[in-house]
1. If the Cβ limit is 8 Å and pairs must be 6+ apart or interchain, which residue in the stretch 224-248 that is closer than 23 Å to G311 by Cβ and touching a residue at least 60 places away in the same chain (Cβ under 8 Å) pairs with which residue that is assigned to a helix (DSSP H, G or I) and open to solvent by 10 Å² or more (accessible area, probe 1.4 Å)?
2. Going by the structure shown, is S16 open to solvent by 10 Å² or more (accessible area, probe 1.4 Å), modelled with pLDDT of 95 or more, of a type in the set (S, T, N, Q) and part of a helix (DSSP H, G or I)?
3. Taking the stretch 57-102 only, how many residues are farther than 23 Å from Y454 by Cα and among the β-branched types (V, I, T)?
4. Within the stretch 153-176, can you find the residues that are open to solvent by less than 10 Å² (accessible area, probe 1.4 Å) and over 24 Å from C365 (Cβ atoms)?
5. Of the conditions (1) at negative phi; (2) at pLDDT 95 or above, L108 clears all except one; give me its number.
6. Filter the stretch 438-462 for residues that are open to solvent by 20 Å² or more (accessible area, probe 1.4 Å), in contact (Cβ under 8 Å) with a residue 60 or more places away in the chain and either aromatic (F, W, Y) or under 23 Å from Q106 (Cβ atoms) (or both) and give the result.
7. Within the stretch 290-320, count every residue that is under 16 Å from L53 (Cα atoms), touching a residue at least 12 places away in the same chain (Cβ under 8 Å) and more than 21 Å from the chain's Cα centre (by Cα).
8. Looking only at the stretch 369-391, which residues are in contact with a Lys or Arg (Cβ under 9 Å, 6 or more places away or on another chain) and not in a helix (DSSP H, G or I)?
Amino acid sequence: MFWKKKGTFPSGHSASDFAGAGSPVRFNSVEFRDGQQSLFATRMTTADMVPLLSAMDQVGYDSMEMWGGATFDVAVRFLKEDPWDRIREFKKYVKHTPLKMVLRGQNLVGYKAYPDDIVEKFVEKAAAAGIDVFLIFDALQDLRNCESAFRAVKKAGKKIEGSIQYNISPFHTIEKFVENGKEQEKMGVSLLHVEDMAGLMTPAAAYDLIKALKAELKVPIHLHCHCTGGMAEMAYWEAIRAGVDGLDVCVSSMSMGPAHPPIESFVTALKGTSRDPHIDVAQFKAINEGFLALRRKYAQFETKLIGVDVGCLEHQIPGGMLSNLESQLTAMKLYDRLPQVLEEVTRVRADMGYPPLATPSSQMCGAQATTNVLTGKRYMMVSNEIKDYCRGMYGMPPGPVSPELLEAALGSEKPGTQKPADMLAPGYEAAKAEAGPLARTEEDVLTYALFPAYAPDFLRSKYNL
């Protein structure tokens, strides 16, 4: 043992150094969603996940994040497997751990705002399939875009995990984060998730933010950091000292780089303290061997980021987006232009009013930066998504959009200020009619409604049409 008695460290620190002493730290598994999204572009199939599920279920996780985010899109577009079936397959093997999905507020698992009727039906079907916890966020932190999803989750009797998208800008302060968290608590969240999607959080910032949230909110606070900037493990330790209730982790073979800190490190470091999670480290040996085999299998999609990218403190690109951007530039034989694209991301984000680079604002910003670099002229071509963003179709940006971008995107058109969903007509029945015989279930209709460009090919493949 490294210390002589429970809660005492060789440095002289004791359990009293931990806020919330006596409360074991909870851990949330993210390997099957954000872990693989950050490391190899979300290409893991359900069949490859299944052999690991029973062992993962025995670890003692607070939840298992395994659906939502890019998993839906990739399953339909590239894997040609039904994303809805993944939930049901997990339920066969995961008997003790709540299943969690990431829901992009009004954007669901897509890249634009969808009408309220589609949001409500999507949540209903996801809950029926087996999702227990809905981690709901809005990329711009415009909570109007979370209202419909919150209502639908409450109606389904499931758990709402709210989210704060951590980032650094003139418009994001501890006071603003706390204010946003308190509003979500009023809206009915059961816990609050702080997401440092780009690995920006310093240890001091982690301590100060978690301390402030714990002082003002009654719900548990969980922290999610990526290792991109090399500070995530230090940030987690300071968050533990500040009283954080839960941490998002990967097993060691799926950790670090643009992914997340390893659970084994914290289980070991907390052993014998008042915050000891009482998780057996020995069980991870076989689990890690299984994941290592998958890392080898999906090596062609593997991120090229090794170690630390301090540049993330400038471009603020999330781990999942970074691996996808690398993959796309490699496919175009333009990987050598990545440094220029990353520099341009910083400028485009400022022009967009400093949105947190979470989906879909991250994709919009990255795509526009890439276009600016490849055309050699800023905003010579502006995507339809950026135009809609400037119109207010994604919500209110944290800061003002630059005149240069507004002029290029909208010309003389004025941006709107109303809630995005209020500008949309109901869409479920229209999608059902348009999909026709291709959509045999309500889940099929939703898949079509979310991704009409490539859902038809997927549905034909699903039914051998």
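1. Hits for this filter: C227/E233; G229/L313.
2. The answer is no for S16.
3. The total comes to 3.
4. Of the stretch 153-176, the ones open to solvent by less than 10 Å² (accessible area, probe 1.4 Å) are 153, 160-165, 167.
Result: V153, I160, E161.
5. Checking L108 against (1) at negative phi; (2) at pLDDT 95 or above, the one that fails is (1).
6. E442, E443, Y454 - these are the residues of the stretch 438-462 that are open to solvent by 20 Å² or more (accessible area, probe 1.4 Å), in contact (Cβ under 8 Å) with a residue 60 or more places away in the chain and either aromatic (F, W, Y) or under 23 Å from Q106 (Cβ atoms) (or both).
7. Qualifying residue count, the stretch 290-320: 3.
8. The one that is in contact with a Lys or Arg (Cβ under 9 Å, 6 or more places away or on another chain) and not in a helix (DSSP H, G or I): R378.
The values are calculated or read from the model by the stated rules, or taken from the named source; none is laboratory data. Just so it is clear, the structure is predicted and the values come from calculations on it, not from any experiment. All Cβ positions, even for glycine, are placed from backbone atoms using ideal geometry, and neighbour counts span all protein chains on display. Protein only, heavy atoms only, side chains kept; ligands, DNA and RNA dropped before computing areas. Shrake-Rupley method; radii C 1.70, N 1.55, O 1.52, S 1.80 Å.
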